Protein chains: 2
Amino acid sequence: MSRIDVVVPLAWSEARFALRLLDQRRLPLEETWIDCATVDEVACAIRDMVVRGAPAIGITAAFGMVLAARQAEREGAGAREHLRAARDKLAATRPTAVNLFWALQRMGELAEAGACADELLAEAKRLHAEDIEGNRKMGLWGAARIEDGMGVLTHCNAGALATGGIGTAIGVIATAHAQGKRIHVYVDETRPRLQGARLTAWELSRLGIPATLICDNMAASLMARGRIQLCVTGADRIAANGDAANKIGTYGVAIAAHHHQVPFHIAAPHSTFDLAIPDGSHIPIEERDPTEVTDWAGQSTCPVGMAVFNPSFDVTPASLIRSIFTDRGEIAPVQTQNVLEVLGHT
Amino acid sequence: MSRIDVVVPLAWSEARFALRLLDQRRLPLEETWIDCATVDEVACAIRDMVVRGAPAIGITAAFGMVLAARQAEREGAGAREHLRAARDKLAATRPTAVNLFWALQRMGELAEAGACADELLAEAKRLHAEDIEGNRKMGLWGAARIEDGMGVLTHCNAGALATGGIGTAIGVIATAHAQGKRIHVYVDETRPRLQGARLTAWELSRLGIPATLICDNMAASLMARGRIQLCVTGADRIAANGDAANKIGTYGVAIAAHHHQVPFHIAAPHSTFDLAIPDGSHIPIEERDPTEVTDWAGQSTCPVGMAVFNPSFDVTPASLIRSIFTDRGEIAPVQTQNVLEVLGHT
């Protein structure tokens, strides 16, 4: 297996005691980095989608807690109160991806136990390193399902840019490619924010993996033509029964795949599971600004005042998911008992 | 039933002996008209999508034949040869919509029989008038299936802009609205050319019909939320068995509708049927320029050199279509015998 060279969306700078984020809103046109030295800057970067992707958001938030702890130490403020406020601020940025709350919970517990900024920094780095290693394992689990010659469809960006490592869905694809399997990837552009066209196409092109860009509404047609043998996407939150929230449009891909008997898979680390909720109906779905849909380089595509519906995610029911690749194994068939078993909660 | 006030995408100017076309590429930002005084200008306008929509393309081509006949008369050229060349030129503009070939056939037969430009003009006007009347009848057939309080999804633009009259799918919606039924329309933006956002949203807003714009990949999610009770689109070519080619993405809508047990209908005049082909596998699918997908107001959304697949249409099999509204009645269930019967070919 050859080495997988990936782009890195976030890096901790010891020299500046700051989190450096690749501004994903400007890709692929520009590679600009933004320094976040305060928890407010981190919260803002998550909300405005400088950084996106469930695992990457979790890691970013963890470093946000480190910055809050350092601020508290510098100002001599009550550390616990300050960190609780920081946690609330970060938790309020985006509602759907559960990795955010998972990371805040982990960092918050340490903070409540009285950890100093340096201890929190060590924990954030550990969390980041675990994500890298988790991606690697998940990639191997998923790649086992990818055969030489397959056409593989992916939606949105679940690559290195969305995680700490090689990515979830793209990690699976990159691993299969590194194993020498000849695959062709079809990339949904992913309206409205075009993460597929802007980010996934860019990552695949850097990785040297053959790929074709399509509009989201072309996927079903490709399946009918026999060009797609497997679909794999990431996820933002997975309920105990395996229902999975992911970028808007994922559900439509899963329905079309089901209709054509093409296996549809999800790749996600254990931190994406929310075992506190029994099924997908409990997942809050973020609605974002209508201008994401209507704004076309500063001009509106539609009449002024047009009503717009812009949910950022949808929920794919477990019944449409062939299996879930995790860092702890493959969940198949997708049902509560297997979810708990693979994640080690039984 | 109240009156339906529609926008008109094409008009014959007696004074200029020219076909005036509303430039649909610039809508809704600008209402610009283009005069076509030669068959070359007409062919160019169809190819570049100044005018689009299967029935409107057919009517436009008919007037193109009139212009060719007048040119031949003015230049003293052999009318039949000149008109055959014109017919070939117009036929080569776009391959999928069969109304184009239907109109050229009708005009061509008259030309072969020795008709002069004025006689061809009368025929083109007749064809236009028939489309207006056909839309009206189709609207009534379709509106009978729309109930008060329904959420109705449509894809692309099958409105007045795509026809000579009130439109096909939007004609059905507008008729139901004029009958006093309270409906809410969900408009797929329709990538890559955004005919839904640019044209359908604009038409519905002028008609005062409540509507919400969505990205194509949000339709399935709306169905899961119970917000859509019926889908209706136009078509560009329908085979004898009812398989229907329409704007790319229609097939995905039909699959999602089927999955949610939401009825999916097509509205199209008899000129959209190609009874010479038994099923949809014989319909040629136009592929258009990759820049339609990658170009975002002059900038590329994806890395330079990215491969793109850009089919302009897909084929929805008859099995996914609840019924087809035509100017001659409703075809249900959709199968060859019923197609032939309703169209009066038995």
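The values are calculated or read from the model by the stated rules, or taken from the named source; none is laboratory data. Bear in mind that the values here come from a model prediction, so they are computed numbers and not experimental data. Methodologically, a virtual Cβ is constructed for each residue, glycine included, from the backbone with ideal geometry; neighbour enumeration extends over all protein chains shown. Note: areas computed on protein heavy atoms with side chains; ligands, DNA, RNA excluded. Shrake-Rupley method; radii C 1.70, N 1.55, O 1.52, S 1.80 Å.
Which numbered condition in (1) outside any helix (DSSP H, G or I); (2) open to solvent by less than 10 Å² (accessible area, probe 1.4 Å); (3) away from chain A (no Cβ under 14 Å) is the only one that B:Gly149 fails?
Every listed condition holds for B:Gly149 apart from (2).
Condition test on A:Gly196, is it within 12 Å of chain B (Cβ to nearest Cβ), of a type in the set (Gly, Ala, Ser) and open to solvent by less than 20 Å² (accessible area, probe 1.4 Å)?
On the way: within 12 Å of chain B (Cβ to nearest Cβ): yes; of a type in the set (Gly, Ala, Ser): yes; open to solvent by less than 20 Å² (accessible area, probe 1.4 Å): yes.
Yes; evaluated as a whole, the condition is true for this residue.
So A:Ile173 passes all but one of these: (1) under 21 Å from the mean Cα position of the chain (by Cα); (2) facing another protein chain (nearest Cβ under 8 Å). Which condition number does it fail?
Condition not satisfied by A:Ile173: (2).
Please give the strands (runs of 3 or more DSSP E) falling wholly within region A:226-277 in which 2 or more residues are in contact with a helix residue (DSSP H, G or I) (Cβ under 6 Å, 6 or more places away or on another chain). Outline the logic, then answer.
Values: elements: A:230-233, A:237-239, A:244-247, A:264-267.
By residue number, A:230-233, A:237-239, A:264-267.
For B:Lys181, are the conditions met, namely being under 20 Å from the mean Cα position of the chain (by Cα) and among the basic types (Lys, Arg)?
Details: under 20 Å from the mean Cα position of the chain (by Cα): no; among the basic types (Lys, Arg): yes.
Spelling it out, it is not the case that B:Lys181 is under 20 Å from the mean Cα position of the chain (by Cα) and among the basic types (Lys, Arg).
State whether one or more residues within region A:280-288 are closer than 30 Å to B:Gly298 by Cα and either part of a strand (DSSP E or B) or within 13 Å of chain B (Cβ to nearest Cβ) (or both). Break it down into steps so the answer makes sense when it comes.
Let us first name the residues in region A:280-288 that are closer than 30 Å to B:Gly298 by Cα, namely A:287-288.
Next, only the ones that are either part of a strand (DSSP E or B) or within 13 Å of chain B (Cβ to nearest Cβ) (or both) stay: A:287-288.
Within region A:280-288 (the criterion being closer than 30 Å to B:Gly298 by Cα and either part of a strand (DSSP E or B) or within 13 Å of chain B (Cβ to nearest Cβ) (or both)), the answer is yes, since at least one residue qualifies.
Looking only at region B:83-97, count every residue that is more than 17 Å from the chain's Cα centre (by Cα) and without any contact (Cβ under 8 Å) to a residue 40 or more places away in the chain and tell me the total.
5
Tell me, yes or no, whether region A:174-182 has at least one residue that is touching a helix residue (DSSP H, G or I) at 6+ places or on another chain (Cβ under 7 Å), part of a strand (DSSP E or B), of a type outside the set (Gly, Ala, Ser) and open to solvent by 10 Å² or more (accessible area, probe 1.4 Å).
Checked region A:174-182: no residue is touching a helix residue (DSSP H, G or I) at 6+ places or on another chain (Cβ under 7 Å), part of a strand (DSSP E or B), of a type outside the set (Gly, Ala, Ser) and open to solvent by 10 Å² or more (accessible area, probe 1.4 Å).
Checking A:Ala77 against (1) surrounded by fewer than 17 Cβ atoms within 10 Å (Cβ to Cβ); (2) assigned to a helix (DSSP H, G or I); (3) not charged (D, E, K, R), only one condition comes out false. Which one?
In the conditions (1) surrounded by fewer than 17 Cβ atoms within 10 Å (Cβ to Cβ); (2) assigned to a helix (DSSP H, G or I); (3) not charged (D, E, K, R), A:Ala77 misses (2) alone.
Could you pull out the residue among A:Ile266, A:Ile238, A:Ile248, A:Ile228 that is open to solvent by less than 10 Å² (accessible area, probe 1.4 Å), over 17 Å from the mean Cα position of the chain (by Cα) and not basic (Lys, Arg)? If you could, list the steps in order and put the result at the bottom.
Numbers: A:Ile266 fails: over 17 Å from the mean Cα position of the chain (by Cα); A:Ile238 fails: over 17 Å from the mean Cα position of the chain (by Cα); A:Ile248 fails: over 17 Å from the mean Cα position of the chain (by Cα).
Every option except A:Ile228 fails the conditions.
Counting just the residues of region A:107-131 that are open to solvent by less than 50 Å² (accessible area, probe 1.4 Å) and charged (D, E, K, R), which one comes out farthest from the chain's Cα centre (by Cα)?
A:Glu123
Conditions tested, residue by residue: (1) open to solvent by less than 10 Å² (accessible area, probe 1.4 Å); (2) small (Gly, Ala, Ser).
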position: B:Trp12; (1), (2): no, no
position: B:Ile46; (1), (2): yes, no
position: B:Met49; (1), (2): yes, no
position: B:Ala54; (1), (2): yes, yes
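Among the residues of region A:271-300, which ones are closer than 20 Å to A:Asp327 by Cβ and open to solvent by less than 50 Å² (accessible area, probe 1.4 Å)?
Taking region A:271-300 as the starting set, the residues that turn out to be closer than 20 Å to A:Asp327 by Cβ are A:271-276.
Answer for region A:271-300, where residues must be closer than 20 Å to A:Asp327 by Cβ and open to solvent by less than 50 Å² (accessible area, probe 1.4 Å): A:Ser271, A:Thr272, A:Phe273, A:Asp274.
Listed residues A:Pro95, A:Pro28; which is of a type outside the set (A, V, I, L, M, F, W, C), touching a Pro at 6+ places or on another chain (Cβ under 6 Å) and over 26 Å from A:Ile285 (Cβ atoms)? Break it down stepwise before answering.
Numbers: A:Pro95 fails: over 26 Å from A:Ile285 (Cβ atoms).
Answer to the selection: A:Pro28.
Quick check: anything in region A:126-140 of a type in the set (Val, Ile, Thr) and not in a helix (DSSP H, G or I)?
Filtering region A:126-140 down to residues of a type in the set (Val, Ile, Thr) leaves A:132.
Those left that are additionally not in a helix (DSSP H, G or I): none.
Checking region A:126-140: not a single residue is of a type in the set (Val, Ile, Thr) and not in a helix (DSSP H, G or I).
With the checklist (1) open to solvent by 10 Å² or more (accessible area, probe 1.4 Å); (2) closer than 20 Å to B:Asp236 by Cα in hand, flag the one item B:Gly167 doesn't pass.
B:Gly167 satisfies every listed condition except (1).
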